[in-house]
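Reading through the structure tokens given below for one structure.
The values are calculated or read from the model by the stated rules, or taken from the named source; none is laboratory data. Since the model is a prediction, treat every value here as computed from it, not as a measurement. We place every Cβ from the backbone using ideal geometry, glycine too, and count neighbours over all the protein chains shown. Note: areas computed on protein heavy atoms with side chains; ligands, DNA, RNA excluded. Shrake-Rupley method; radii C 1.70, N 1.55, O 1.52, S 1.80 Å.
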Amino acid sequence: MPVEKINLPGVGKKFIVEDDEKEVIVIIHNTGKREVHMKKKGEEHSEELFELSDTQARELGAILEGSYFQPIAEEHIETKLDQDHILEWIEVEECSELEGEKVGELEDLGETEIVAIHRGDSTIVNLEPDEQIEKDDILIVLEPEGKHSDLCEKCQV
Amino acid sequence: MPFETTLLEIGIVFITIAVGGVIASKTDLSTIPIYIILGLFLGEHVLGRVGIPFSEIAFIGEGAAGSFIEIGAQIGIVFLLFFLGMEFSLRQLSDHKSRISKAGTIDLLNLVVGTILGYIILGNIFGAIIIGGIVYISSSAIITKSLIDLGWIADEESGPILGMLVYEDLFIAIYLAFISALFLGTGGVGGLFGSLLISGGFVAFLVILVYLGTDFFKRLVSDDSDEFTVLRIVGVTLLIAGAGLLAGVSEAVAAFVVGLIFSETEYSDRIEKLVEPIRYVFSGLFFFWIGWTTDPTLFVEVIPLLSIAVVVTGLVKYLTSYYSAREFYGLDKIKSNRVGLGMITRGEFSLVIASVVMSSVGAIKFGVNPQMINAFAVSYVLVMSIIGTTLMHYSDYFERLTGNNPEI
């Protein structure tokens with residue numbers, strides 16, 4: 001999704017996220033204050049929705065991003081970590097080829113790395129190579145942006 | 001007035017400025033015209049002349065408090081320009097280089113028109129150049145605040161407005177260097193070359209300081225203690241500004257360069273936070289002073305120039321800004337109308353130009369009357385700041401005039 005970034009000399013920075021119906025405009029002031037405006041397509045001027053302090057904005061950002069609740073079962077999820085990396089959630093249930101494989105024996109991972117497995121109510125980190133992938137697991141995978149590994153190709157992520 | 005009342009007088013000055021701030025926030029007006037008007041009332045020309053009871057205490061005369069206001073105002077100019085340098089970034093200018101420089105160049109037409117206007121009325125080329133500068137420069141402070149208050153900042157019209165303001169701010173630094181060399185120097189057209197040489201040399205010295213001294217400036221502000229850091233910044237800034245004044249480049253230009261140097265260190269955010277309260281105090285004092293020192297009876301004399309300047313420069317500013325928004329930024333009529341209205345407000349830098357002329361001996365030699373220039377600048381800024389912000393508030397009416405179809 002393209003995000004337009006514009007410098008506002010003496011004020012701060014402006015970010016515009018747009019879809020077919022609207023533009024959401026976020027202004028980050030040098031003081032830390034955030035303003036969120038929305039402009040519906042076809043309308044001339046935007047409308048201010050709300051203002052947040054720096055702390056409130058971080059908190060809201062974390063909520064929107066899904067830090068507290070990820071509706072994982074609903075659909076495919078990925079999070080952009082930085083320019084070059086994304087985190088993906090892969091459900092083994094929808095990619096049965098993975099079931100029963102050991103983490104260390106998966107081939108052609110390339111630069112992709114399985115960083116954790118979400119199983120039941122817990123998350124396994126620091127994976128051992130002989131950790132076996134189970135049917136209801138959700139794999140949390142780190143991969144380079146734009147370079148889909150075979151693992152993800154297979155699972156049509 | 002006896003010595004013991006000096007502190008009381010200074011207290012009255014600051015409480016008046018503070019009350020001005022309250023009035024501004026309650027009435028949605030900008031602070032600058034209000035501070036000026038309050039200064040005007042407390043000065044010798046208004047309160048100093050009426051014989052109402054207690055006015056003797058409230059009237060701030062030429063005594064110790066008066067000297068304090070004058071020096072405080074000078075410090076105010078230093079920090080206004082320091083912040084202009086701090087916030088000025090060549091990177092931002094180069095972001096949309098071609099658009100900003102085209103729009104900014106068209107904008108210079110206002111300087112030309114102002115100079116011609118000044119020449120026709122004053123018949124003096126030096127006074128005309130000053131009038132040109134005063135009517136050219138829009139107010140970054142008031143306009144930026146209005147953009148945020150009205151929510152225009154989120155829309156496309158903020159692009160050309162902020163872009164042109166950046167261009168004007170750079171241009172005004174060069175312009176100030178020029179007129180200070182002209183007026184602060186030894187005087188006389190023959191001396192102009194010499195003073196340009198001296199001030200050019202001083203600026204070159206500062207630029208060399210930027211290259212060789214960045215490490216020094218960095219160390220200066222990298223201390224953990226806020227106390228030590230803020231003292232060093234204030235010390236270095238005032239010292240160099242003072243040296244600048246002595247060298248004939250004016251404190252304003254020197255402070256601008258110091259601000260530029262500090263903005264190159266990675267601590268610019270911290271410096272801004274530390275110095276901002278100081279700027280509020282002294283720039284408030286500066287606007288108060290400019291009113292305080294103005295003789296309102298001179299307003300009568302400048303009425304012809306003022307009324308013509310308000311109409312002509314208001315209109316030319318609107319048209320050049322409208323044209324640039326349409327032509328270089330591709331905005332529709334409604335948005336370009338907002339850009340045009342948005343640029344009309346004049347403010348702090350018109351006053352800084354007038355104060356540079358006021359503090360110079362050279363001006364009179366060129367046949368320029370500093371008191372008259374000051375009265376013009378003050379009345380012009382009062383009118384233009386109020387008209388400009390009002391027009392922005394009622395931009396809807398103009399939008400109907402320019403037609404409802406934004407596609408045209």
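Rounded to a whole number, what is D in µm²/s for region A:1-122 from Stokes-Einstein with the Kirkwood radius over alpha-carbon pairs (10 °C, 1.306 mPa s)?
Rounded, D is 88 µm²/s.
Give me Rg/Rg_expected for chain B, where Rg uses Cα atoms only and Rg_expected = 2.2 N^0.38 Å with N residues.
0.98
Summed for both chains, how many Å² of accessible area, to the nearest 100, are buried between B and A with a 1.4 Å probe?
The B and A chains share an interface burying roughly 1500 Å².
Taking chain A as the reference, fit the longest principal axis to its C-alpha atoms, fit the long axis of helix A:54-65 to the helix C-alpha atoms, and give the angle between the two in degrees, 0 to 90, nearest 10.
40 degrees
Of B:Ile290, B:Asn369, B:Val381, whose Cα points farthest to the positive end of the dipole of region B:271-381 (charges on the beta-carbon: +1 Lys, Arg; -1 Asp, Glu; origin at the Cα centre)?
B:Val381
When only C-alpha pairs under 8 Å and at least 6 residues apart count, what is the relative contact order of region B:112-252, in percent?
Rounded, it is 18 percent for region B:112-252.
Connecting C-alpha atoms closer than 10 Å in a GNM of chain B, tell me which of B:Gly66, B:Gly104, B:Gly235 has the biggest fluctuation.
Maximum fluctuation in the GNM of chain B, among the listed residues, is at B:Gly235.
Compute the accessible area per residue over the protein assembly as shown, keeping the other protein chains in place, probe 1.4 Å, unit Å².
I get 48 Å² per residue for this part.
Let's test the formula: R0 of 41 Å, r as the Cβ-Cβ distance of A:Lys40 and B:Ala24. What FRET efficiency results, to the nearest 0.05?
For A:Lys40 and B:Ala24, the calculated efficiency is 0.75.
Using only DSSP helix segments of four residues or longer, with each worth -39500 (n - 2.57), what per-residue ellipticity at 222 nm results for the protein assembly as shown after dividing by its residue count and rounding to 500?
Computed mean residue ellipticity for the protein assembly as shown: -20000 deg cm²/dmol.
Which FRET efficiency value, to the nearest 0.05, do you get for B:Ser98 and B:Ile308 by plugging their Cβ-Cβ distance into 1/(1 + (r/R0)^6) with R0 = 45 Å?
Efficiency at R0 = 45 Å is approximately 0.85.
Please work out the Cα center distance from region A:1-66 to region B:324-346, rounded to the nearest Å.
So the two Cα centres are separated by 23 Å.
Per residue of B:143-154, what is the mean number of Cβ atoms on other protein chains within 10 angstrom of that residue's Cβ?
5
If I take every Cα pair under 8 Å that is 6 or more residues apart in region A:5-60, average their sequence separation and divide by the length, what percent do I get for the relative contact order?
Answer for region A:5-60 is 23 percent.
Pick from B:Phe79, B:Phe288, B:Phe193: which residue has the top mean-square fluctuation in a GNM of chain B where Cα pairs under 10 Å get a spring?
Answer for the Gaussian network model of chain B: B:Phe193.
Between B:Glu157, B:Glu251, B:Glu227, which gets the highest mean-square fluctuation from a Gaussian network model of chain B, Cα cutoff 10 Å?
Its mean-square fluctuation being the largest, the pick is B:Glu227.
Tell me the trypsin sites (Lys or Arg not before Pro) within region A:47-138 that lie in a loop according to DSSP and have at most 13 other beta-carbon atoms within 10 Å.
Here the sparse-neighbourhood loop sites are A:Lys135.
Leaving out ligands, DNA and RNA, and with a 1.4 Å probe, what % of the accessible surface on the protein assembly as shown is carbon or sulfur?
Heavy-atom surface of the protein assembly as shown belonging to carbon and sulfur, 1.4 Å probe: 60 percent.
Exposed loop sites here are chymotrypsin sites (Phe, Trp or Tyr not before Pro) in DSSP loop states with at most 14 other C-beta atoms within 10 Å. What is the longest stretch of chain A lacking them?
Of all site-free stretches, the longest is A:70-157.
Which of rounded, prolate or oblate describes region B:331-379 when judged by the alpha-carbon gyration tensor and an a/c cut-off of 1.5?
prolate
Could you work out the relative contact order of chain A? I mean the mean sequence separation of Cα pairs under 8 Å and 6+ apart, divided by the number of residues, in percent.
Reported as a whole number, the value is 15 percent.
Please work out the ratio of the alpha-carbon Rg of region B:124-262 to 2.2 N^0.38 Å and round it to two decimals.
The reported ratio for this selection is 1.26.
Could you tell me which helices of chain B pass both thresholds, a Cα extent of 20 Å or more along their own axis and a mean Kyte-Doolittle hydropathy of at least 1.6, with helices taken as whole DSSP H runs?
Span-like helices, by this rule, are B:6-27, B:64-87, B:158-184, B:189-221.
Rounded, prolate or oblate: which one fits the protein assembly as shown, using the alpha carbon gyration tensor with axes a ≥ b ≥ c (rounded when a/c is under 1.5, else prolate when a/b beats b/c, else oblate)?
prolate
What does the charge count near B:Val135 come to, summing +1 for each Lys or Arg and -1 for each Asp or Glu among other residues with Cβ under 13 Å from its Cβ?
Taking every Cβ under 13 Å from that of B:Val135, the sum is 0.
For the pair A:Phe50 and A:Leu87, what calculated FRET efficiency results from E = 1/(1 + (r/R0)^6), where r is the Cβ-Cβ distance and R0 = 41 Å, to the nearest 0.05?
0.90
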